[in-house]
Amino acid sequence: MCGIVGAVAQRDVAEILVEGLRRLEYRGYDSAGVAIVNGNELGRLRRLGKVQVLADALDQQPLAGGTGIAHTRWATHGEPSERNAHPHVSGDITVVHNGIIENHEELRTELQAMGYEFVSDTDTEVIAHLVHHHRQHSDSLLAALQTAVKQLRGAYGTVLMDTQDPSRLVVARSGSPLVIGLGLGENFIASDQLALLPVTRRFMFLEEGDVAEVTRRDVRIFDVDGQAVSRAELESEASHDAGDKGEYRHYMLKEIYEQPKSITDTLEGRITDSAVVVESFGNGARAIFEKVEHIQLIACGTSYHSGMVAKYWFEALAGVSCDIEIASEFRYRKSVVRPNSLLITLSQSGETADTLAALRLAKDSGFMSSLAICNVPGSSLVRESDLAFMTRAGAEIGVASTKAFTTQLAGLLMLVAAVGRCRGNMSVDTEAKLVQALRTVPAHIGDTLALAKDIEALAEEFADKQNSLFLGRGDQYPIAMEGALKLKEISYIHAEAYAAGELKHGPLALIDADMPIIVVAPNNDLLEKLKSNVEEVRARGGILYVFADKEAGFRGDDTMRVMPVNHVDEVIAPIIYTVPLQLLSYYVALIKGTDVDQPRNLAKSVTVE
């Protein structure tokens, strides 16, 4: 969500900070700001809107200095406005903050009683005043922050500086990620390592509860108990040019077309000619999989849909019972953990707040082990899980997930094969057929992308639509849900998905000529049932758009547009049928004129509840 960048250096850091913010733009934000200390003078600029607006302001009012912090804000407390934008200031203390301070109202009342005046509506300003108060009675800014965090409840990744001591930054992490970038005679801080790739490849990831002091030449880290600790130094292999869309108009379109390569990368070295390499899921995975009697999947948003598909696969192919639950629901209800249960968390970023909280809760709930399926090495979810599988999708910049979703599905299908074989529930021949089907996925996605021009023409018919319905059966029902999510995310058309068999239980009341019905129809055992559902819609005057297997026998007419998809193995059909729905949502959004890569009100990485 929000983005943080900080630097302590001998050189001027304004350009480093602004470039870091640009590299975090994909996460979503509504305002941006920067504060830099030069000598003992603080310079601060904040602007509503894009980072470029801030950059233009800096061209007019340059800020010099080697110590600074910058921020992009995604509003939680207080409307998007310049006065609510970060950094916030209290006397000599300047702060940026990601997350939510849950007891901010209580603290605000206490601080106002001490004489502090609040000039914003944010919860963040509480941190600035609270640290300023404790700084009056502390030996250092670090000590003041360590005292202040004991009073904070909620999630925060925060960075502070003192105008009277510009030689250092202090940071605290609780529930919101922070990484320290290590340079030569200079050091950096960010909420995501991608922000710092132009200046360093060496990083330290702060753990939950850590407080740190960062100077040009030194990094000191203290754990939640105030004890000095060391954190591993890691060399990043990540790459991301925030300005390079190549030949594509939007990141989302680029990422849709990257899916054949992303799937190839996901499979590379993890399958043989006839089997899945179990060790791809981590050291000790085989011993864990042999004992698994139940799978519990936890995820949010698009990742939840991939988990829903996996539930069908685990039970039908691996013979292992499986439940899937939204992380924000799982963490707030009492649940019964079945014997020998494996918890699987799914997240593109590995920093999704609700999913992380669910993992931490599960560690004390009796799960046998935990496995993260994630796209970001070094993320909190990966570090805190027993096992991890990297999807290798590469940096995904568009807020609406595409290649992260299909690589999750590929990884989950490999996991199904691995668990099935380790449990003795899947034959060698079945695993071999599954592996061969997986090998064909990149080519099949390439064939499906060839439908782009036809889908673009079809999208014209959605130009004046306000509502839509997506239908699927079996493991295509979650794909219909994902298609509906994509359409609503980037075109702002209200879209719902239903299991097609549920039509007669209510949704048929919505059917008329102004409600487009999008259907995913592979040639599988449920095809005839699905055709009956389609006829129910046609009989009531509905207009259908059917993405159907060429061999499924659909015939188009005035009330039904048929988009033919090459025949694919039933097991990989959910991956393939996702792609035309991605293209449909993209081209509808183009027609609607929305911001495809950064849709309103949304953020890429949801690091708050």
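Read the figures in this text as sums done on the coordinates, not as results from a lab. Being a predicted model, the structure only gives us computed values, none of them experimental. Glycine gets a Cβ as well: all are built from the backbone with ideal geometry, and neighbour counts include every protein chain shown.
Distance from a point 7 Å along Cα→Cβ of Asp514 to each backbone N in the stretch 521-550: keep the residues under 20 Å and list them by number.
So the set is 537-545.
Just the number: Rg to Rh for the chain, Cα atoms, Kirkwood Rh, two decimals.
1.00
What is the helix-to-structure angle for 124-135, meaning the angle in degrees between its Cα long axis and the longest Cα principal axis of the chain, kept from 0 to 90 and rounded to the nearest 10?
Taking Cα atoms only, the helix is inclined about 30 degrees.
Would you tally the net charge around Leu182, using a Cβ to Cβ cut-off of less than 12 Å, leaving Leu182 out, and scoring K and R as +1, D and E as -1?
+1
To the nearest 0.05, what FRET efficiency results for Arg423 and Tyr492 with a Förster distance of 51 Å applied to their C-beta separation?
0.70
Using Cα-Cα distances under 8 Å and only pairs 6 or more residues apart, what relative contact order does the stretch 514-568 have, in percent?
Once divided by the residue count of the stretch 514-568, the mean separation gives 38 percent.
Using modelled amide H (1.01 Å from N, peptide plane; none on Pro or chain starts), what sits under 5 Å from the amide H of Gly350, excluding residues fewer than 5 places away?
Amide H to amide H, under 5 Å and 5 or more residues apart or across chains, Gly350 pairs with Asn375.
Does the stretch 172-301 come out rounded, prolate or oblate, given a ≥ b ≥ c as the square roots of the eigenvalues of its C-alpha gyration tensor, rounded meaning a/c under 1.5 and, failing that, prolate meaning a/b above b/c?
Oblate, because a/c is 1.5 or more while a/b does not exceed b/c.
With a ≥ b ≥ c taken as the square roots of the eigenvalues of the C-alpha gyration tensor of the stretch 237-366, please select rounded if a/c is under 1.5 and otherwise prolate if a/b is larger than b/c or oblate if it is not?
Working: a/c = 2.15, a/b = 1.41, b/c = 1.52.
Verdict is oblate for the stretch 237-366.
Simple spin-label model, 7 Å along Cα-to-Cβ: Lys150 to Asp323 in nm?
3.9 nm
Give, rounded to the nearest 20 debye, the magnitude of the charge dipole that the stretch 416-557 has about its Cα centre when Lys and Arg contribute +1 at Cβ and Asp and Glu contribute -1 at Cβ.
Using only the charged Cβ atoms, the result is roughly 460 debye.
Quick check: the angle from helix 403-422's long axis to the longest principal axis of the chain, C-alpha only, nearest 10 degrees?
70 degrees
For the stretch 32-114, would you read off the P(r) tail past 17 Å as a percentage of all alpha carbon pairs?
When every Cα pair of the stretch 32-114 is considered, 53 percent fall beyond 17 Å.
With the crude spin-label approximation of a point 7 Å out along Cα→Cβ, what separation in nm comes out for Glu237 versus Met114?
Going by the 7 Å Cα→Cβ label model, 4.8 nm.
Calculate I(q)/I(0) for the stretch 452-609 by the Debye formula, one identical point scatterer on each C-alpha and no solvent, and give its log10 at q = 0.09, 0.13 Å⁻¹ to two decimals.
-0.27, -0.57
Full extension from Glu502 to Glu207: what is 0.36 nm times the residue separation minus their Cα-Cα distance, to one decimal in nm?
Extra length from Glu502 to Glu207 when fully extended: 101.6 nm.
Got the relative contact order for the stretch 49-172 handy, in percent, Cα pairs under 8 Å and 6 or more residues apart?
Computed value for the stretch 49-172: 28 percent relative contact order.
Which order do peptides 584-594, 501-511, 184-194 fall in by mean Cβ count within 10 Å, highest first?
Working: 584-594: 21.1, 501-511: 14.5, 184-194: 23.2.
Averaged packing, sorted descending, gives the order 184-194, 584-594, 501-511.
Which of rounded, prolate or oblate describes the stretch 525-584 when judged by the alpha-carbon gyration tensor and an a/c cut-off of 1.5?
prolate
Return the sequence-ordered ³J(HN,Hα) values of the stretch 352-368 in whole Hz as given by the Karplus equation 6.51 cos²θ - 1.76 cosθ + 1.60 applied to θ = phi - 60°, using x for Gly and Pro.
With the stated coefficients, the stretch 352-368 comes to 4, 4, 5, 5, 4, 5, 5, 4, 5, 5, 5, 4, 9, 10, x, 5, 5 Hz.
At Glu461 and Glu535, where each label point lies 7 Å from the Cα along Cα→Cβ, what is the point-to-point distance in nanometres?
In this crude spin-label approximation the distance works out to 2.1 nm.
Hey, how many Å between the Cα centroid of the stretch 497-566 and the Cα centroid of the stretch 93-141?
Their Cα centres are 56 Å away from one another.
Would you mind counting up the charge near Pro574? Only other residues with Cβ under 10 Å from its Cβ, with Lys and Arg at +1 and Asp and Glu at -1.
So the environment of Pro574 carries a net charge of -3.
Counting only residues 5 or more places away or on other chains, whose amide H sits under 5 Å from the amide H of Phe470 once H atoms are built in the peptide plane?
HN-HN under 5 Å from Phe470: Glu496, Ala497, Tyr498, Ile518.
Rounded to the nearest 20 debye, what is the charge dipole size of the stretch 90-156 about its Cα centre when +1 sits on each Lys and Arg Cβ and -1 on each Asp and Glu Cβ?
Dipole of the stretch 90-156, to the nearest 20 debye: 220 debye.
Treating only the Cβ of Lys, Arg, Asp and Glu as charged (+1, +1, -1, -1), what charge dipole size does the chain show about its Cα centre? Round to the nearest 20 debye. Show your work: numbers first, answer last.
Numbers: 59 positive and 83 negative charges, 99 e Å.
Once rounded to the nearest 20, the dipole reads 480 debye.
Contour minus end-to-end for Ala443 and Ser365, with contour as 0.36 nm per residue of separation and end-to-end as the Cα-Cα distance?
Between Ala443 and Ser365, full extension yields 23.8 nm more.
Under a 5 Å amide H to amide H cut-off, with H placed in plane at 1.01 Å, what residues pair with Asp121 once short-range neighbours are removed?
Under 5 Å from the amide H of Asp121: no residue qualifies.
Can you tell me the relative contact order of the stretch 465-609? Whole percent, Cα pairs under 8 Å, sequence separation 6 or more.
That works out to 26 percent.
Tell me, what ³J(HN,Hα) does each residue in the stretch 220-227 have, in order and in whole Hz, if you take phi through Karplus 6.51 cos²θ - 1.76 cosθ + 1.60 with θ = phi - 60° and put x for Gly and Pro?
Taking θ as phi minus 60°, the curve returns 10, 10, 10, 7, 4, 8, x, 8 Hz for the stretch 220-227.
As an exercise, use a Förster radius of 25 Å and the Cβ-Cβ distance of Asp165 and Ser230 to find the FRET efficiency, rounded to the nearest 0.05.
My answer for the efficiency is 0.55.
Using a cut-off of 12 Å between beta-carbons, work out the net charge of the residues near Leu530 (Lys and Arg +1, Asp and Glu -1, Leu530 not included).
-2
What are the ³J(HN,Hα) values, in whole Hz, obtained from phi via the Karplus relation 6.51 cos²θ - 1.76 cosθ + 1.60 with θ = phi - 60°, for each residue of the stretch 425-434 in sequence order, with x given for Gly and Pro?
Rounded to whole hertz, the list is 9, 10, 6, 4, 5, 5, 4, 4, 5, 5.
Could you tell me the calculated FRET efficiency between Ala287 and Arg220, based on Cβ-Cβ distance and R0 = 41 angstrom, to the nearest 0.05?
FRET efficiency, Ala287 to Arg220: 0.60.
How fast does the stretch 301-458 diffuse by Stokes-Einstein, in µm²/s, taking the Kirkwood radius from C-alpha pairs at 37 °C and 0.692 mPa s?
Answer from the Stokes-Einstein relation: 195 µm²/s.
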